[in-house]
1. Kindly provide the set of residues from region B:26-46 that are within 21 Å of residue B:182 (Cβ to Cβ) and either acidic (Asp, Glu) or out of contact with any strand residue (DSSP E or B) (no Cβ under 9 Å at 6 or more places or on another chain) (or both), ordered by number.
2. Just to confirm my filter: which strands (runs of 3 or more DSSP E) fall fully inside region B:56-147 and include at least 1 residues that are away from chain A (no Cβ under 14 Å), among the polar types (S, T, N, Q) and open to solvent by 10 Å² or more (accessible area, probe 1.4 Å)?
3. If I go through region A:157-180 residue by residue, how many of them are part of a loop (DSSP other than H, G, I, E, B), touching a strand residue (DSSP E or B) at 6+ places or on another chain (Cβ under 6 Å) and within 14 Å of chain B (Cβ to nearest Cβ)?
4. With the checklist (1) more than 8 Å from chain A (Cβ to nearest Cβ); (2) in contact with a Lys or Arg (Cβ under 7 Å, 6 or more places away or on another chain); (3) under 15 Å from residue B:96 (Cβ atoms) in hand, flag the one item residue B:8 doesn't pass.
5. Looking at A:186, A:193, A:201 in this structure, which one is open to solvent by less than 10 Å² (accessible area, probe 1.4 Å), in a loop (DSSP other than H, G, I, E, B), more than 9 Å from chain B (Cβ to nearest Cβ) and in contact (Cβ under 8 Å) with a residue 24 or more places away in the chain?
6. Any idea which residue in region A:154-163 is farthest from residue B:27 (Cα to Cα), counting only those that are open to solvent by 10 Å² or more (accessible area, probe 1.4 Å) and of a type outside the set (D, E, K, R)?
7. Please specify each residue of region A:164-180 satisfying the condition of being buried (at least 19 other Cβ atoms within 10 Å of the Cβ) and of a type outside the set (A, V, I, L, M).
8. Specify the residue that is farthest from the other protein chains (Cβ to nearest Cβ); the eligible residues are those in region A:29-55 that are of a type outside the set (S, T, N, Q), open to solvent by 10 Å² or more (accessible area, probe 1.4 Å) and outside any helix (DSSP H, G or I).
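The values are calculated or read from the model by the stated rules, or taken from the named source; none is laboratory data. On a predicted model such as this, the values are computed, not experimentally measured, just so you know. Ideal geometry is used to build each Cβ from the backbone, glycine not excepted, and the neighbour counts take in all protein chains shown. Note: accessible area is taken over every heavy atom of the protein model, side chains too, but ligands, DNA and RNA are not part of it. Shrake-Rupley method; radii C 1.70, N 1.55, O 1.52, S 1.80 Å.
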There are 2 protein chains.
Amino acid sequence: MAELAYVNGTLSAIESARVPIEDRGYQFGDAVYEFIASYNGTLFCLEEHLDRLERSLRGLDFSPIPRDGIRKAILMLFEKASISRAGIYIQISRGAAPRNHLFPKSTSPQVVMTIREVEEKPAELRKNGAAAITVEDFRWGRCDLKTVQLLPNVLAKQKAIDAGAFDAIFISEGIVREATSSNFSIVSGGGIITHPLNQNILPGITRMVIIDLCKELKIPVHERFFNTEELFRADEAFLTGTVTEVLPIVQVDRRRIGEGRVGPVTQRLYEALRERAGA
Amino acid sequence: MAELAYVNGTLSAIESARVPIEDRGYQFGDAVYEFIASYNGTLFCLEEHLDRLERSLRGLDFSPIPRDGIRKAILMLFEKASISRAGIYIQISRGAAPRNHLFPKSTSPQVVMTIREVEEKPAELRKNGAAAITVEDFRWGRCDLKTVQLLPNVLAKQKAIDAGAFDAIFISEGIVREATSSNFSIVSGGGIITHPLNQNILPGITRMVIIDLCKELKIPVHERFFNTEELFRADEAFLTGTVTEVLPIVQVDRRRIGEGRVGPVTQRLYEALRERAGA
């Protein structure tokens, strides 16, 4: 078992892996990424992550990269590292070229990956739920593309931790968008309410799986906008994401959500997700 | 005369300079930058650029970096490269650490620089003026900090070039903000109207110098919001920036601004700036 880095086909220790200073990911944030996790030696939703990666690449007009090549590289890294519960981070930048805002004419995308053991969320958070704060959504206008334009997410997450909470939830025009690295949903009247897919939120893979699981479990799902008032009146609330899985949010801005403890719908979805993933 | 890179004190050719893949500038865009130009062997507005760099670093809660150390490194690089008309790019990231949104506890800022000959704007643009398009401002909410959250700027600049124009001007709530790497001003009734300093525009060094020059030249300056209607009614319009200097914009969205050619106020300010800079 070994943590590894991959840079355009070359494997190394993560600490020694390097990219050119004029990689556009470094100077412009001109790069997209994915994070894929495995359970018991099997990658979860690999094809769905590749779908989204392709969507992000297309959305930024990157030169095409054969999907088969990316898949092969991921699987090679996964096999070499031999980590049963692995997290694979994949970042693809537009290329390296002398600094200029314009797309460079003669460069090819740079593919960088790391593989590590997944850092699990604290058991205490899963048992008792987590607290969140709300922050004004000051991110850019294309949050549906999974890019490294993440500084606002970094600042909001740090603000949440400094306030003694676990995460921050972005609000714009009164509408509840999502958290700093997870989608956000509420439970109300036995059904789930979650922000519809548009340019303000990431089309989360776990969000998609949860919606599918809700169909199986006969839990109604409403993909529609909801505001902070509705959030504070909700019975339950939870985050979804690749590492977050389904994480209960029991307090927002120091106000209790529902009973202020992990609710039955959230718990059921967490268990169903873990089962689906082969955990 | 040699183009050079600097990475935490080490000099090399630009092409061979590298940073760790887990530099936060690469994975989060968690980095700030400056671009300083020289004229005839003298750096222009070095202290003003250092002021702004410190402001950006503070605005993101970076660990403090002694200003003297940064200045010394810049001057060392400038002397070594011995380029009379140089452009020095300075990028400082929060540090390198295993990927996690939270500020890392034990890392120090990474300082990367490059020095090159300045790529001058085409003489034809200076003579006849340039065209611009307007685009909806879809950047993040802290454009006053000079960070590498530049993907929207990249996409807008490319869109402008694809449309046969030179640059794109960001508009939000009908208000004219700035261009993709320059501030934007109009001339109306003999005076200058330019967006006031707030979180929607970069506090441009050249913008500041131009305002100062206007005082000398007895040209009235109004720092206030203006909308696209006012832009289209303006007598002149121009960009300001370190490499842009003062660049006339004579057409926006295929509509002529004023007479559709370089106006007298713009030309006077360009010449005054060049003189101030010792060009």
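1. Those that are within 21 Å of residue B:182 (Cβ to Cβ) and either acidic (Asp, Glu) or out of contact with any strand residue (DSSP E or B) (no Cβ under 9 Å at 6 or more places or on another chain) (or both): B:34, B:39.
2. B:130-136
3. Total meeting the criteria: 4.
4. Evaluating residue B:8 over (1) more than 8 Å from chain A (Cβ to nearest Cβ); (2) in contact with a Lys or Arg (Cβ under 7 Å, 6 or more places away or on another chain); (3) under 15 Å from residue B:96 (Cβ atoms) leaves (2) as the failure.
5. A:201
6. My answer is A:163.
7. A:166, A:167, A:170, A:177, A:178, A:180
8. Going through the qualifying residues, I end up with A:41.
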